[in-house]
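The values are calculated or read from the model by the stated rules, or taken from the named source; none is laboratory data. None of the values given here were measured: they were computed from a predicted structure. In this analysis, Cβ positions are derived from the backbone assuming ideal geometry, glycine residues included, and neighbour counts consider all displayed protein chains.
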Amino acid sequence: MVAAGIFLIARLFPLFIIIPYIMHIISSIGIVTLFLGATLALAQKDIKRSLAYSTMSQLGYIIVALGIGSYRAALFHLITHAYSKALLFLGSGSIIHSMEPIVGYLPDKSQNIALMGGLTKYIPITRTAFLLGTLSLCGIPPLACFWSKDEILSDSWLYSIIFGIIAYFTAGITAFYMFRIYLLTFDGYLRVHFQGYSNSKNNSSYSISLWGKSTSNRANINTNLPVSTINNNKVFFFSKDKKNSIKNRICDFHFYFGNKYTSIYPHELDNTMLFPLLLLILFTMFIGLIGIHFDSRGIDPDLLSKWLTSSKNLLVENSNSCLNSYVFLKNAIISVSIATFGLCIAYIFYGSVYSFFQNFYFFNSFLKRGFKRSLLDQMQNTIY
């Protein structure tokens, strides 16, 4: 349903090309949509909202391609993006499902990437699938979206320099916010255990019932007695003499519900949901082959062009004028470099290095050893 309107425009493409002003309006709407969707995705903490605005941005690329007359590239990206985004949404569902036993069945917590982190060791299959979907959407070769997105970027540059600049710049933003989602979700440590550690006066501790609802129990909780395990309906605590550390607070925690042994740490989906996830990985990796020109002379069209009925491209009038390998490599190097730059910036801000320096244990141990603590506090506030 999301792409129904775009497919309708594609089917009516022979009608729209008769009126050039309509094509310009379509391309203008597309360029605004792709940039607006990418900037909105930057400000989201909800993983589903981030992917939804990302979809809005990628559909803007398709509208731009239709508006500038690149019919084949538009439908090519519609196909490749469908598989990559389906993989990402299914992966996000797995992530949300793994977080619900910890934070409860509350969308504002189970979908909040600020409370996630360190999920690689808990859901490794989902992590691999989400990483491949992320790299594909960023336009990293040889994954699916690289082939279609690179074609749209090069065609938009040929159509208008302004359109090309916005399209390439948005490609860098896309790489930044998608890798930001990945790093906040899978890199670092599980931040949900640290949400109670703040300087706010309204800070409250949460306990999670068997039904997943969180209730404030600050008055009834002795923070010096963190729960270790629950076995055979008996609760065991650490004694006050032991070192009260975060590692003790987030130790292994299980419970029995009926005859089923359940862990409230994140866990992988069952095989019923993992199978479509693995199937989408294959399509994300290889569906781009349908749009590649295997004939170096450019005489025979690719498989996708044979399937499309209205395969006339206003920017490429005949199949003999296919891009040669030099032009293709030049365009690919530019687009991949921009995407890689966005990935690197995201890693600098949200990667393991940033998480290490943000770890308050590191700074607490450093500050306690210092002689002039007030000076070090000022330095810390200046840096952060």
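Mind checking whether some residue in the range 10-25 is under 24 Å from the mean Cα position of the chain (by Cα) and in a helix (DSSP H, G or I)?
There is no residue in the range 10-25 that is under 24 Å from the mean Cα position of the chain (by Cα) and in a helix (DSSP H, G or I).
Only residues that are of a type in the set (S, T, N, Q) and at pLDDT below 50 were counted across the range 312-340, and they come to 4.
If you scan the range 17-36, which residues turn out to be without any contact (Cβ under 8 Å) to a residue 40 or more places away in the chain and surrounded by 13 or more Cβ atoms within 10 Å (Cβ to Cβ)? Spell out how you get there, then give the answer.
Pass one, the range 17-36, residues without any contact (Cβ under 8 Å) to a residue 40 or more places away in the chain: 18-22, 28-30, 32-33, 36.
Once the filter is applied, which keeps residues that are without any contact (Cβ under 8 Å) to a residue 40 or more places away in the chain and surrounded by 13 or more Cβ atoms within 10 Å (Cβ to Cβ), the range 17-36 yields 22, 28, 29, 30, 32, 33, 36.
Return yes when residue 91 is in the same structural domain as residue 11 (by TED's automatic domain parsing) and on the phi > 0 side of the Ramachandran plot and no when it is not. It is false that residue 91 is in the same structural domain as residue 11 (by TED's automatic domain parsing) and on the phi > 0 side of the Ramachandran plot. Among the criteria (1) closer than 30 Å to residue 14 by Cβ; (2) touching a residue at least 60 places away in the same chain (Cβ under 8 Å), the one residue 122 does not fulfil is (1). If I filter the range 127-137 for residues that are surrounded by fewer than 24 Cβ atoms within 10 Å (Cβ to Cβ) and more than 19 Å from residue 279 (Cα to Cα), do I get at least one hit? No; the residues of the range 127-137 include none that is surrounded by fewer than 24 Cβ atoms within 10 Å (Cβ to Cβ) and more than 19 Å from residue 279 (Cα to Cα). Summed over the range 101-115, the residues that are over 26 Å from residue 279 (Cα atoms) and surrounded by 17 or more Cβ atoms within 10 Å (Cβ to Cβ) give a count of 7. Which one of these is modelled with pLDDT of 90 or more and closer than 29 Å to residue 106 by Cα: 74, 43, 65, 52? Just a single option satisfies the conditions, and that option is 52. Annotation: of all residues in the range 273-289 being over 16 Å from residue 139 (Cβ atoms) and in contact with a Ser or Thr (Cβ under 9 Å, 6 or more places away or on another chain), the one that is surrounded by the most Cβ atoms within 10 Å (Cβ to Cβ) is 280. Against the numbered list (1) small (Gly, Ala, Ser); (2) closer than 25 Å to residue 277 by Cα; (3) modelled with pLDDT of 90 or more, residue 3 comes up short only at (3).
Is there a residue in the range 71-86 that is more than 24 Å from residue 285 (Cα to Cα) and among the aromatic types (Phe, Trp, Tyr)? Before you say what the answer is, go through the steps one by one.
Start the filter on the range 71-86 by keeping residues that are more than 24 Å from residue 285 (Cα to Cα), which leaves none.
No, there is no match, as no residue in the range 71-86 is more than 24 Å from residue 285 (Cα to Cα) and among the aromatic types (Phe, Trp, Tyr).
When each of 60, 37, 69, 117 is tested for being on the phi > 0 side of the Ramachandran plot and touching a Gly at 6+ places or on another chain (Cβ under 7 Å), the lone residue that passes is 117.
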